[in-house]
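The values are calculated or read from the model by the stated rules, or taken from the named source; none is laboratory data. These figures come from a predicted structure and were not determined experimentally. Using ideal geometry, Cβ is built from the backbone for each residue, glycine included, and neighbour counts are taken over all protein chains shown.
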Amino acid sequence: MGKYVSLKDFDWLLLVLLLLISALGVVEIYSTTAHTRFAGAHVKQIYWILLGVSLMFLVCRYDYHDLLNHIPLIYILTLVALVALLLLGSDISGARRWIRVGGFSFQVSEGVKLAIILLLARFFSESHEERVSLPELAMVFLAVGVPGVLVAMQPDLGTALTLLPIVMVTLFLAGMRWRYFGMLLLAGLMILPVGLHFMRPYQKARIVTFMHPEQDPQKAGYQLLQSKIAVGSGQLWGKGTAQGTQTQLWFLPEPHTDFIFAAYAEEHGFLGVLFALLLYLFVLMRLVHNAKNAPDAGGMFIIGGIVAVLSFQILVNIGMVVGYAPVTGIPLPLMSYGGSSVLFVFLSMGLVNSVRVRRFVN
Amino acid sequence: MRFARRDNRLSESRLTFLQWGIAVAFLALISGFWQLQIFNPAYYSRLAERNHIKNLRMPAPRGRILDRYNRVLVDNYPSFSIVTQWEVGQSLQAHLPAIATGLEQDPEQLAERVKTARARVPRQAIVVQENATFRDIAFVESHRVEYPELDLVSEPRRLYPRAGFAAHLFGYISEISERELELPDMESLKPGDLIGKSGIERQYNSVLQGQTGVRRVIVNSRGGEMEPLDEAFPTSGRDLRLTIDYDLQEVAEQKFRGDKGALVALDPRTGEILALVSRPTFDLNLFARGIPVEEWRRLVADPQNPLLNRAIQAQLAPGSIYKILLATAALEAGTVDETTTHYCSGGGTFYGRYFRCWKKGGHGRIGFHRAIVQSCDVFFYNLGKDLGIDRIYEYSTYLGLGRKTGIDLPGEQPGLMPSPQWKQKLFHERWYPGETISLAIGQGALTTTPLQMAFSFGGIASGGYFARPHLISWKDMEALGLEIPSPTEFRLPLREQTVALVTDGLYGVVNEGGGTGRRARIQGLDVGGKTGTAQVASLQASAKDDTLKDNAWFVGLAPRRNPEIVVVALYEGGEHGYLAAPVVREVIKAYFDKKEDSEFQYAQESGAGEDVAVGRFVSEPGG
């Protein structure tokens, strides 16, 4: 049945939106790195985008049902990779997140997200329950919990946290009753202190800083304050590309990765922000639209999970820039510099299209 | 079909719900940006500007202080201060210990200093080290990256070539106080600016004060200077020429031996002050460098009160020098003339009380001239009695007592000319006739300042022409755009005969046999003068202590009529009283030596071999 797919059914509008956002990202990466040791990063980013787009078309042709069929293998491989990473991974600033393949380093956690999305999609599309039952709920948490803890141990709290919205959105789309969500919320609140106990000091500090930024003007609070200054001083029109004083004079931390949207907001102002946010919103709306038109539940859950990851990352990253969310290392999809992040987005877009182009097949 | 089970309708409604949820979250984000970028944009723009624009203040040098022949009395030298900039987010606190070590300071003291400075003037550069040495400068330059908050500021400092030289005249400078910041003529100044606090520095602060410059540079988050924005250069203050003669000041400083007292020399023809000395003195260079708190406390708490400018602020009984004023008054009132004689048996009884003459054996029958020459107390008791307190008060006030001369120095004191009205008002007691007798020889409640005496003697000897004492010539004041005080002079219609008799008496004091001021005599010069010794009234002290505490005065002038120079010396505490006449003599001599030989320059002749009471040269400004 996969033989009848046509590129005519490919979501070209979605691709245009993605490329527009990527272009904004490339320009901002150029602006933030031009006079630093990262100069030229925007060119690398373009390569990553081109590679991502190619992968997207490749994945799009591949039938997602095959992936769903191979879930046990994918899941086990993921666990093995995570354990191997803990034991052998490259240390980059105290965290083992990377696996080196040839000249490239890949962040394994990006793959974990995809694996979990697929796992949950298969699980619920095969379920015989009308709505989510409690045993199912327990199984889901166990299945996601194991890789989640392994990721958190890297330690990569940001990615571990990203798994949570995937689970929640999938449960929601699977029709889980509201009172179960209430129960989960309660359970979460009770587990929270335990979780805090296992957090690294800097992770705790970030939470504290988020609550009381004025208490820590040096580190996380400093970053937050500088980010707000960057955004606020951009005003309506922005200071112009490569003209942001906060960005160009290194007051803004990580201006080409985590805080790229603050740099963007400083240089392109509220109007630029509005433009970028609308692009993101259109992308997400388009994705949900595709989910609605998915040929089967499996496809719908896959796109739903991807929507969950992307919305979470966009909201947390941009929320962080304006002080609505704590300072975490979660990159902004498509704009932040980094191959793993770019590749993840385009790979998942490939999956989305894999679902989309098969919508009329059955 | 695999993977196809599910209630489509439920899923679709939940997907719609998800869509709405995302849209709402985006709205929240947009409102966040709205608040930061649109609602109050100025707030963050200001913060961004403060982040990256560094204001470096460039203090201006103060104007120099020159003597009447444009010789430099007070100069400036370049110095560097190390300051820390107040920057958002940069934790100066964390760096302080390392900075203290680098600058060889006590970390706790530095922390305290920063804390107090910050509390006083938030968001201003804080000076952490004045007079930076080459080591300090090297430390700052080599740690630009680690401690970007540190900066070097070129700060011209006052250089007083010699410690203690004319310190009271020049006055000290210090950081402007909060109260002074609110004064109308200080409105352009900022906390941390230096202003004159006393003496000339304060009186003519508006002339001497320069305009601080500001250099604005763009810096990055590590404190590196990226590019200059603009620069407003500092404008130095204007030079100020005093009427002081360096040579005479030098002579007065060197010859004034003794630890407590004052000397003032002026030209009565113009009122120009030629020299002004006060003891004990202090080192103005301490203030130029920023005086340490302990040092300041020590100065303030010193019982000798070194900060007091005794030439204009010491209010003491004039003793016998007052007899000249009384003689003038009596001659004018006609209660005495050159034929009047009185008998001095070493004392006399007035109003039922016995008043002693200073000379135990008495002067015998004595006339007006000899009474001045020998300073016979009994003669003047009679003079006072005949004149009466009301006329004494009236004439003395005309002659300048009990009121300020109006010299252009802050803090001048008026002294006190007692009267029955004054006593009634203050003590609710009537005036006893005996008090008039004490007053006649310059004792009792009467007090004067050295400047007042110079002013008064100058006026009498000049035939009633009283010129307001001043330190900047009227011409210079006009040129500087300053308001010339009014009146600059006044005339008393003294009779020629009065002036002749009094000044002849003054000449006799110095030049005739039995004169009390023979020590002031200069061969070939027409010098007049008058000695005075005033007891410091103290009921508890024994008679012996009283003599120890006597204040000694000498007023000298030359020539005796229409003098060119009047010099008053005051020695407090008696021990050095015999030195009053000689120091006045030295100053007068120097004045005429100089007049005869225009090349004469005492100031440069004086060598290190001299026994110099003060005259420590400040060899190394940086140390």
Query raised in the report: Only one of (1) hydrophobic (A, V, I, L, M, F, W, C); (2) in a helix (DSSP H, G or I); (3) surrounded by 24 or more Cβ atoms within 10 Å (Cβ to Cβ) fails for A:Leu252. Which number is that?
Result: (2)
Report summary line: If we keep only residues of segment B:330-363 that are of a type in the set (Ser, Thr, Tyr) and under 44 Å from the mean Cα position of the chain (by Cα), then the residue surrounded by the most Cβ atoms within 10 Å (Cβ to Cβ) is B:Thr335
Query raised in the report: In segment B:282-289, is there at least one residue being part of a loop (DSSP other than H, G, I, E, B), basic (Lys, Arg), assigned by TED's automatic domain parsing to the domain that holds B:His470 and within 24 Å of B:Ser174 (Cβ to Cβ)?
Result: yes
Report summary line: Selection from segment B:7-43 of residues of a type in the set (D, E, K, R) and assigned to a loop (DSSP other than H, G, I, E, B) yields B:Asp7
Query raised in the report: So which residues in segment A:218-249 are without any contact (Cβ under 8 Å) to a residue 60 or more places away in the chain and on the phi > 0 side of the Ramachandran plot, if there are any at all?
Result: A:Gln235, A:Gly238, A:Gly240
Query raised in the report: Would you call A:Leu279 surrounded by fewer than 24 Cβ atoms within 10 Å (Cβ to Cβ), out of contact with any Asp or Glu (no Cβ under 8 Å at 6 or more places or on another chain) and more than 9 Å from chain B (Cβ to nearest Cβ)?
Result: yes
Report task. Evaluate segment A:331-351: report whether one residue or more is farther than 24 Å from A:Ala160 by Cβ and over 19 Å from the mean Cα position of the chain (by Cα). Result -> no
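Residue by residue, here is whether (1) at pLDDT below 90; (2) in the same structural domain as B:Arg495 (by TED's automatic domain parsing); (3) under 21 Å from B:Leu248 (Cβ atoms) holds:
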position	(1), (2), (3)
B:Ile522	no, yes, yes
B:Thr533	yes, yes, no
B:Phe554	no, yes, yes
B:Glu564	no, yes, yes
B:Ala581	no, yes, yes
B:Glu586	no, yes, yes
B:Gln601	yes, yes, yes
B:Val612	yes, no, yes
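From the set of residues in segment B:218-272 that are of a type in the set (S, T, N, Q) and in a helix (DSSP H, G or I), which is farthest from B:Gly463 (Cα to Cα)?
Only one residue tops the list, namely B:Gln254.
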Report summary line: Selection over segment B:483-517 where residues are buried (at least 16 other Cβ atoms within 10 Å of the Cβ), farther than 17 Å from B:Arg561 by Cβ and of a type outside the set (Gly, Ala, Ser) yields a count of 1
Query raised in the report: Are there any pairs, at least 6 apart or on different chains, whose C-beta atoms fall under 6 Å, with the first in segment A:48-74 and surrounded by 14 or more Cβ atoms within 10 Å (Cβ to Cβ) and the second among the charged types (D, E, K, R), and if so, which?
Result: A:Leu68/A:Arg122; A:Ile71/A:Arg122
Requested in this report: With respect to A:Val342, determine if the residue is within 14 Å of another protein chain (Cβ to nearest Cβ) and either under 30 Å from A:Val231 (Cα atoms) or surrounded by fewer than 24 Cβ atoms within 10 Å (Cβ to Cβ) (or both).
Outcome: no
Query raised in the report: List pairs: first in segment B:39-62 and at the interface with another protein chain (Cβ under 9 Å from one of its Cβ atoms), second among the basic types (Lys, Arg) and surrounded by 17 or more Cβ atoms within 10 Å (Cβ to Cβ), Cβ under 8 Å, 6+ apart or cross-chain?
Result: B:Tyr44/A:Lys228
**Report entry** B:Glu178 vs. criteria over 19 Å from B:Thr243 (Cα atoms), in contact with a Pro (Cβ under 6 Å, 6 or more places away or on another chain) and in contact (Cβ under 8 Å) with a residue 12 or more places away in the chain
**Finding:** no
Query raised in the report: Among the residues of segment B:296-315, is any assigned to a loop (DSSP other than H, G, I, E, B), modelled with pLDDT under 90 and farther than 22 Å from B:Leu169 by Cβ?
Result: yes
Query raised in the report: Can you name the number of the only condition in (1) farther than 27 Å from B:Leu66 by Cβ; (2) among the hydrophobic types (A, V, I, L, M, F, W, C); (3) not in a strand (DSSP E or B) that B:Phe490 fails?
Result: (3)
